[in-house]
Amino acid sequence: MKAMLIMNNNISLNNKNWKEFTFEIIFEINATVSGIDGNKLTRKNGDIPYVTRSNKNNGMDMFVGQQHTKYRHNRGNTITIGLDTQTVFYQSSKFYTGQNIQVLRNKALNRHIALFLIPLVKRQMEKFNWGGNGATITRLKRSKIFLPVSSNGDPDYKFMEGYIHQKEQDKLKAYQTYITQRLSSIEVSNSLIPLAQKKCREFYIKEVSEILSGKDIYETKRKIGHTPYVSATAKNNGIGNFISNKNSTQEAGCLSVNRNGSVGYSFYHPYNALFSNDCRKLRLKQPSRLAGIFISQQITQQKEKYGYGYKMGTARLEKQKIMLPTTSENTPDYAYMIEYMRVLEHKKLAAYCKYKGFETNAS
């Protein structure tokens with residue numbers, strides 16, 4: 001089957017007949033067999049996914065160890081649905097869950113077929129909502145889904161698998177082209193002094209950047225769009241939402257530092273973004289993408305000193321010090337930071353290409 005899927009490069013949704021099925025015909029639907037509250041987890045260090053109703057990280061809140069024997073783990077190769085939140089994900093391996101997770105199984109299911117089905121399942125989840133109209137098992141069984149069918153009118157799982165496989169290969173090919181070209185374009189020096197041997201000293205953040213306040217756009221006022229709205233999260237480069245609103249904070253090529261939420265995390269933003277008042281925007285005095293990334297990581301290194309009892313504010317941020325490499329004049333050595341990050345990026349990309357088996361011209 002795999003050879004056939006790779007050779008077929010013209011799989012099209014438009015050339016298939018489609019038919020409506022109820023969920024109960026396509027899936028075996030059950031509630032999770034674990035359903036452990038987070039505060040009852042006994043081992044929080046391990047390699048077993050703990051799936052909740054989150055809409056991030058494939059629904060995984062953390063990885064845990066084997067739990068008490070009264071809790072069974074769910075089998076892998078299944079689709080999970082979060083009750084109330086209507087989140088839908090594929091789980092490839094065994095997993096535990098929090099409360100209110102539904103588990104969908106299908107004998108033909110594999111990763112490719114699941115990735116075909118999940119967007120269609122999500123469309124049906126839009127009719128459910130938090131509270132009294134959640135995705136209960138009974139409501140799920142009655143829900144309907146349109147699927148491509150074979151000549152005998154059955155769901156055409158081979159087509160679904162082939163379609164997703166083709167899309168995946170197209171994406172991988174495009175990414176391979178991008179990543180190998182990116183790697184070839186990075187010129188690095190083999191004589192760079194290791195950071196541990198480089199002379200460094202403390203600088204106040206205000207010495208290397210202008211510190212500016214953000215501006216809140218309340219949730220009720222946000223309009224869906226494509227502009228990153230930087231909030232106070234430690235994930236997704238600090239981006240909380242994508243919106244179409246505009247305000248005076250919009251800027252590219254600057255840093256953010258979280259003052260609430262995940263306090264102390266800093267990120268560099270090469271794209272135009274809006275900044276909430278839960279963070280501070282730092283406009284570098286020597287603008288540079290690579291130096292900006294270096295400085296943001298040095299700021300993040302200080303995050304542990306902040307917490308609920310010691311909040312980040314503009315005044316404290318102005319007084320915060322970070323270690324930076326210096327020139328012979330004892331000023332920040334931006335040229336070194338840029339070259340250091342360039343070498344690091346080259347090493348990471350080369351390692352990734354080697355892992356994926358991509359052919360490159362990198363030495």
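The residues listed here are 19, 44; of these, the one that is among the charged types (D, E, K, R), at pLDDT below 90 and touching a strand residue (DSSP E or B) at 6+ places or on another chain (Cβ under 8 Å) is 44.
For the residues 71, 90, the requirement of being in contact with a Leu (Cβ under 8 Å, 6 or more places away or on another chain) and either assigned by TED's automatic domain parsing to the domain that holds residue 145 or among the basic types (Lys, Arg) (or both) singles out 90. Taking segment 209-251 as the range and being assigned to a strand (DSSP E or B), polar (S, T, N, Q) and closer than 21 Å to residue 284 by Cβ as the test, the residues that pass are 209, 213, 227. Can you tell me which residue in segment 274-305 is nearest to residue 248 (Cα to Cα), limited to those that are among the basic types (Lys, Arg) and part of a helix (DSSP H, G or I)? Selected residue: 289.
Residue 80 passes every criterion in (1) under 13 Å from residue 140 (Cβ atoms); (2) surrounded by fewer than 17 Cβ atoms within 10 Å (Cβ to Cβ); (3) among the hydroxyl-bearing types (Ser, Thr, Tyr) apart from (2). Considering the conditions (1) of a type outside the set (Ser, Thr, Tyr); (2) assigned by TED's automatic domain parsing to the domain that holds residue 284; (3) within 28 Å of the chain's Cα centre (by Cα), residue 162 is excluded by exactly one of them, (2). In segment 302-358, the qualifying residues are those that are acidic (Asp, Glu) and loosely packed, with under 15 Cβ neighbours inside 10 Å, and the one that is modelled with the highest pLDDT is 329.
Applying the set (1) closer than 19 Å to residue 12 by Cα; (2) without any contact (Cβ under 8 Å) to a residue 40 or more places away in the chain; (3) of a type outside the set (Ser, Thr, Tyr) to residue 160 leaves exactly one unmet item: (2). Scanning segment 180-212 for residues that are over 19 Å from residue 333 (Cβ atoms), loosely packed, with under 15 Cβ neighbours inside 10 Å and assigned by TED's automatic domain parsing to the domain that holds residue 323 yields a count of 1. Could you check residue 93 against (1) crowded, with 18+ Cβ neighbours inside 10 Å; (2) more than 18 Å from residue 125 (Cα to Cα); (3) under 25 Å from the mean Cα position of the chain (by Cα); (4) not aliphatic (A, V, I, L, M) and say which number it fails? The one condition residue 93 does not meet is (1). Got a sec? Which of 233, 227 is surrounded by fewer than 22 Cβ atoms within 10 Å (Cβ to Cβ), modelled with pLDDT of 95 or more and polar (S, T, N, Q)? Step by step, each of 233, 227 is checked, and only 227 is surrounded by fewer than 22 Cβ atoms within 10 Å (Cβ to Cβ), modelled with pLDDT of 95 or more and polar (S, T, N, Q).
Applying a threshold of 9 Å to beta carbon distances and a minimum spacing of six or more residues, or different chains, the list of pairs starting in segment 180-191 at a residue that is farther than 9 Å from residue 342 by Cα and ending at one that is among the polar types (S, T, N, Q) reads 180/360; 180/361; 183/360; 183/361; 184/360; 184/361. From the set of residues in segment 252-262 that are within 19 Å of the chain's Cα centre (by Cα) and part of a loop (DSSP other than H, G, I, E, B), which is modelled with the highest pLDDT? If we take residues in segment 252-262 being within 19 Å of the chain's Cα centre (by Cα) and part of a loop (DSSP other than H, G, I, E, B), then 262 is modelled with the highest pLDDT.
The values are calculated or read from the model by the stated rules, or taken from the named source; none is laboratory data. It should be emphasised that the depicted structure is a prediction, and the values quoted were computed from it without experimental measurement. Reconstructed Cβ throughout: ideal geometry from the backbone, glycine too, with neighbour counts over all protein chains shown.
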